[in-house]
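Some notes on the structure that comes next.
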Amino acid sequence: MIFKKHVLLRLVWGDIIIVTIIKRRERTRNKDEKSKLSLSVLADKYCPMMLRPLLSRVQGSPIGKRLASGAFWSVLGNGLGKVLTFVAMIIVARMLGKETFGDFGLVRSTAAPFLTFSTFAMGLASTKYIAELLHNDKERVGRIIGLNYLLTFILSLVAALIFYFCVPYLCETMLGEARLVREMRYGALLLFLMTFMSAQVGIMSGFHDFKGQAYTIFIVGLLSIPIYFVGAKFGGLHGVVMALLAVTVANIFINSVFILRNVKRHGLRYSFRDAYKELPILWQFSLPIVCSNIIFCVGVWVGQVMLRMQSGGAGELGIFFCAMTVFQCVMFLPGILNSVTLPMLSELQVDKNRKRF
C-alpha cells in the first residue's frame, strides 16, 4: 500500500512538473509573438485613416515589411542619437564659447578630405556586396569583409600619418594658428578611428542590422553628453577633442559586438588571405564615389579656411558649425532612406526580378 502511494505521488508530481514546463513554454512563446507583432499592432492602432491604404500595402508585401522595419529602427536610433548629440554640442558650445567651438569644429572638419580618401567608399561597397551575396555566396562575403578591414587599416594608417606631418603647415601657414597644432595632431588619431567606424557601419547595413545600429547610436548618444561635459569642463578645447576620441572608441567597440553577432548568426568566416580576389570592387564601385566625395569635401574645407582667416572669423566659424549641427539633424532622413534601401535593392538585384526591384 505504501509503495502504491509512493508511486502515485511520484506520478502526480511528475504530471505537475510537466504541466508547469508546458505552461511556461507557452507563456514564453506568447511573449515572443507579442514582441514580434508589437510594431504592426501599434501601426494598426495608431495609423491615421488617410494612411490605412498605404499601411495595408506595406503589411501585404514582404519587401514593404522589411523596408518599414529597417526605416523604423533607423529613424528611431538616428533620431534619438541626433537629439542627444545635438544636446551634447549645445553644452559644449555654451561651455567653450563660439570662438573655441569654432576651433573644435575646424579640428573635426580638417580631417574630412583625408577621411574620404582613407575610407575609399568601402563602407558603401560592403553594404552593397554583403547584402547582395549574403544568402548566395558566403565565401565571398567573408573575403569582402576581410578586404574591408585590411584596406581600411592600410589606408587609414597612411592617411593618418600624412595628416599628422601636414598639421604644422596647415596650422601655421594656411590657418595662421600655431596654437592648434596639438589638437590637430590628435585629429590624425581621430581620422584613423573614424575610418574604422565608417567601415563597420557599412558592414552592419549589409547585414540589415538596423536594430543594432539604432542601439549603437542611442547608447553612444547617451554616453556623449557626460563625456563631452567632463572634457569641456576640465580640459577646454583639448578636453573636448579627447572626449570626441573617447566617444568614437566606444562607438567602434559597440559596433564590433553587433558585427561579431551577425557573423556568427550567418556562419561566416573572415578571409584575409584571399581578400585580394575582391580588389576589382575598388575601381568598379569605390573609385567613382571617392572622386565625387573628395571634390565636395575639399571645397567645403577651403571655404571654412577662408572664413576662419577673415577678421573675426573664429567666431563666425563657430556660428557656422552650430548651424551645421542643426542642418545635420534636419537632413538625417535622406541618409536613413539611403542606408535602408541600398542593401534591400542590392539583394533584389540578384533575383533579376525587375518588378520587385
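Among G239, G235, G176, which is the only one that is farther than 24 Å from T116 by Cα, free of Cβ contacts under 8 Å to residues at least 24 places away in the same chain and surrounded by fewer than 19 Cβ atoms within 10 Å (Cβ to Cβ)?
Details: G239 fails: surrounded by fewer than 19 Cβ atoms within 10 Å (Cβ to Cβ); G176 fails: free of Cβ contacts under 8 Å to residues at least 24 places away in the same chain.
It is G235.
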> Only one of V158, V240 is in contact with a Ser or Thr (Cβ under 9 Å, 6 or more places away or on another chain) and under 21 Å from L84 (Cβ atoms); which?
Replying inline: V240
> Restricted to segment 53-109, and to residues that are surrounded by 15 or more Cβ atoms within 10 Å (Cβ to Cβ) and β-branched (V, I, T), which residue is modelled with the lowest pLDDT?
Replying inline: V58
>> Consider segment 128-164. How many of its residues are β-branched (V, I, T) and either over 20 Å from the mean Cα position of the chain (by Cα) or surrounded by fewer than 24 Cβ atoms within 10 Å (Cβ to Cβ) (or both)?
In response: 3
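Take the residues in segment 288-311 that are free of Cβ contacts under 8 Å to residues at least 12 places away in the same chain and outside any helix (DSSP H, G or I); name whichever of them is farthest from L106 (Cα to Cα). Reasoning before the result, please.
Within segment 288-311, the subset free of Cβ contacts under 8 Å to residues at least 12 places away in the same chain is 288, 291-292, 295-296, 299, 302-303, 306, 310-311.
Then keep just the ones that are outside any helix (DSSP H, G or I); that gives 310-311.
On the way: Q310: 14, S311: 16 Å.
Filtering segment 288-311 for residues that are free of Cβ contacts under 8 Å to residues at least 12 places away in the same chain and outside any helix (DSSP H, G or I), the one farthest from L106 (Cα to Cα) comes out as S311.
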> Which number in (1) buried (at least 16 other Cβ atoms within 10 Å of the Cβ); (2) over 30 Å from G81 (Cβ atoms) marks the one condition that P280 misses?
Replying inline: (1)
>> Of the conditions (1) modelled with pLDDT of 75 or more; (2) of a type in the set (S, T, N, Q); (3) over 30 Å from L175 (Cβ atoms), S118 satisfies every one except a single condition; which number is it?
In response: (3)
> Scanning for something in contact (Cβ under 8 Å) with a residue 60 or more places away in the chain, in a helix (DSSP H, G or I) and more than 20 Å from S156 (Cβ to Cβ), does segment 188-198 turn up at least one residue?
Replying inline: no
>> Given the options L222, L282, L244, name the one that is part of a helix (DSSP H, G or I), modelled with pLDDT of 90 or more and either under 25 Å from S118 (Cβ atoms) or not hydrophobic (A, V, I, L, M, F, W, C) (or both).
In response: L244
> In this structure, is R179 charged (D, E, K, R), assigned to a helix (DSSP H, G or I) and within 27 Å of A93 (Cβ to Cβ)?
Replying inline: yes
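The values are calculated or read from the model by the stated rules, or taken from the named source; none is laboratory data. The structure presented is a predicted model; accordingly, all values stated were derived computationally and were not measured. Every residue, glycine as well, gets a Cβ built from its backbone with ideal geometry; the counts of neighbours run over all protein chains shown.
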